[in-house]
Amino acid sequence: MRKIAFWTLFLYAMYALFFAFYLFQWTDSSIPAQYKGTSADPATFLTKKELMLAEQFSEVKNFLFFLSVPYEWVIYIFMLLFGLSARFQQWAEATTKRRFMQTAIYVFWLSLLVQVVTFPLSYTSYYVTKMYNISTQTFSSWMRDELIDFWVNYVIMVVIVYVLYTLMKKFEKRWWVYAWLCSIPFTLFLTFIQPVFIDPLYNDFYPLKNKQLEAKILALAEKANIPAEHVFEVNMSEKTNALNAYVTGIGGNSRIVLWDTTLERLSEDEILFIMAHEMAHYVMKHIYWGIGLYIVVTFIGLLLTNRWMKRMMKRFGSFCRIKKWNDLASLPMFLLLISLLSFAASPAMNAISRYEEHAADKYAIELTKNKEAAISTFQQLTRSSLSQVHPPYIVKLFRYSHPTILERIIFLEKQ
Ligand SMILES: [Zn+2]
């Protein structure tokens, strides 16, 4: 047991060391020589200071990202190794006989532990974002969001875990197929209620405030048959200086949301380009494609998890004081496997997303036909979030759901 704990920590340290060197020493975001001096070269649109800050900020944020994913794995492994998970199950069983309540208690302790242990990393991330003046959120407002996050995730997780372990106990062989079948309506349901019940817990949503601008945006939306009641503004300026817009929800709840920072700080033509880009997602039904893909990936993920979980629990179960593979206390193993698989799948998922984002850029430039506005939009996005125009390859692989700014501007330049 001590041996496993030692090796877990050792491997984590080696991994962290690798990324420290990779991100801070071996790579930077300088662009290929043939693009020097073009509109894609940040030196042409950022000041020297902004350039330096963007490089520093991105390096730190990327490092924090790569630290935090396997950090979660270490927590799960330690929970199992030191019998903490078994202990949580005992507490839950000692309190009540009802299985749903046992699940609620067990998941509460697990979530609390993860929240507390990961707090230093999430706080550092908040602190750095604030230090570089991207976030403008007060500590109490940030803390409030963290608490909402905790409870929203908690409620969703209790429901999922309860259904999951009921199925595991009833159908030891085929539980994962039934779990997969249940996940389909559940995913659709969550996507449907998200814009109406979950997102408003964090921010205020309302129709566009600037009526002149609204008329132009809605005229553009009409071209693509998007009804006016699907366009919203969200109050983000209290929390951030960054710019953004996105498409969310399905059916009657589908909507295009523009951050108020975007509306306040970009020119009209730039806003219309962003709007056209979001409209493309809406028109091409990228949300539905995303859900479809998610359903397929969940099937494969559950299939593999079923196999590996039984195998791992057979080998290490008694070690961790867990009697059966489908005892509630095996949850950290389930979460560990799911998290490992999603991390491994993320480069492929990001590549698909980048393909969709590129299609949206293409649609937007064809609709607006304003190359200068489109290019300056991406330059503004870079400045407002101090992002790297040309990130290191591994960063792009794991973190970029959008093409890099370099790729996006080069594409526009060729139009
Ligand atoms: Zn997009």
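The values are calculated or read from the model by the stated rules, or taken from the named source; none is laboratory data. Fair warning: this is a prediction, and the values are worked out from it, not measured in the lab. Because the Cβ atoms are built from the backbone with ideal geometry, glycine has one as well, and the counts that use them run over all protein chains shown. Surface areas here come from the heavy atoms of the whole protein model, side chains and all, with no ligands, DNA or RNA. Shrake-Rupley method; radii C 1.70, N 1.55, O 1.52, S 1.80 Å.
So here's what we get for this one:
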{"read-out": "Which listed residue, of 119, 100, is open to solvent by 30 Å² or more (accessible area, probe 1.4 Å), assigned to a helix (DSSP H, G or I) and in contact (Cβ under 8 Å) with a residue 60 or more places away in the chain", "value": "100"}
{"read-out": "From 40, 5, 94, residue being touching a residue at least 60 places away in the same chain (Cβ under 8 Å), assigned to a helix (DSSP H, G or I) and over 21 Å from the mean Cα position of the chain (by Cα)", "value": "5"}
{"read-out": "Residues located in the stretch 126-140, provided they are open to solvent by 30 Å² or more (accessible area, probe 1.4 Å), closer than 19 Å to residue 203 by Cβ and in contact (Cβ under 8 Å) with a residue 40 or more places away in the chain", "value": "136"}
{"read-out": "Residues located in the stretch 344-369, provided they are touching a residue at least 24 places away in the same chain (Cβ under 8 Å), open to solvent by 40 Å² or more (accessible area, probe 1.4 Å) and away from the ligand (no atom under 16 Å from the Cβ)", "value": "none"}
{"read-out": "Elements of type strands (runs of 3 or more DSSP E) in the stretch 226-325, at least 1 residues being away from the ligand (no atom under 16 Å from the Cβ) and without any contact (Cβ under 8 Å) to a residue 40 or more places away in the chain", "value": "231-234"}
{"read-out": "Criterion violated by residue 178 - all others in (1) open to solvent by 80 Å² or more (accessible area, probe 1.4 Å); (2) in contact (Cβ under 8 Å) with a residue 12 or more places away in the chain; (3) over 19 Å from the mean Cα position of the chain (by Cα) satisfied", "value": "(2)"}
{"read-out": "Scope the stretch 254-277; condition open to solvent by 20 Å² or more (accessible area, probe 1.4 Å) and over 21 Å from the mean Cα position of the chain (by Cα); matching residues", "value": "263, 264, 265, 267, 268, 269, 272"}
{"read-out": "Test: residue in the stretch 326-334 that is of a type outside the set (Val, Ile, Thr) and within 16 Å of the ligand (Cβ to nearest atom)", "value": "no"}
{"read-out": "Every residue from the stretch 283-317 that is of a type outside the set (A, V, I, L, M, F, W, C) and within 26 Å of residue 85 (Cβ to Cβ)", "value": "298, 301, 305, 306, 307, 310, 311, 314, 315, 317"}
